[in-house]
Amino acid sequence: MDKASVKLTVYFEEPFWIGVFERIEDGKLSVAKVTFGAEPKDYEVQEYIRKHYSSLKFSPAVDTVVKDMKRNPKRMQREAKKQMQETVIGTKSQQALKLQQEQNKQERKKRSHQRKEAEKKRMFELKQQKKREKHKGLMWTPCQGH
């Protein structure tokens, strides 16, 4: 049976509070970044997860090592407390976020290029239309003096 786990890290990055969702499925790590703005309360974070988790845009999956071991509940509690003190996100998560940024950048470039090409084509067609109308004599206006 495959396991999936999700971890949310909320930290302050001047001037906003940022949330990083790390999802591990089938040994692959994917990450989504959320900007909260003001410091979110616990109930606000839970509400956000409940309402918006399905619409998060996760990064492409990156291979990762998954350790599966049973832990003592007190140890897990100590580790959770320790993680609360840390504000650093994992390097694998950073790689996944960087990969997502690169993909978004490529998509943005592609859309921009297509938009520019469409505008060039439209302007060319407009020039050609004007040229045809001039050639037909449709734009000619008679002088009043002759």
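Being over 17 Å from the mean Cα position of the chain (by Cα) and surrounded by 10 or more Cβ atoms within 10 Å (Cβ to Cβ) is the filter here, so list the residues in the stretch 32-47 that pass it.
E39, P40, E44, V45, Q46, E47
Can you pull out the residues in the stretch 10-31 that are under 14 Å from the mean Cα position of the chain (by Cα) and over 14 Å from T91 (Cα atoms)?
I18, G19
Which residues, taken from the stretch 64-92, are at pLDDT below 75 and surrounded by 10 or more Cβ atoms within 10 Å (Cβ to Cβ)?
If the condition is that a residue be at pLDDT below 75 and surrounded by 10 or more Cβ atoms within 10 Å (Cβ to Cβ), then T64, V66, M84, T87, V88, I89, G90, K92 are the ones that fit.
The values are calculated or read from the model by the stated rules, or taken from the named source; none is laboratory data. Please read all numbers here as calculations on a predicted model, not as lab measurements. Cβ coordinates were reconstructed from backbone atoms using ideal geometry, including for glycine residues, and neighbour counts include every protein chain displayed.
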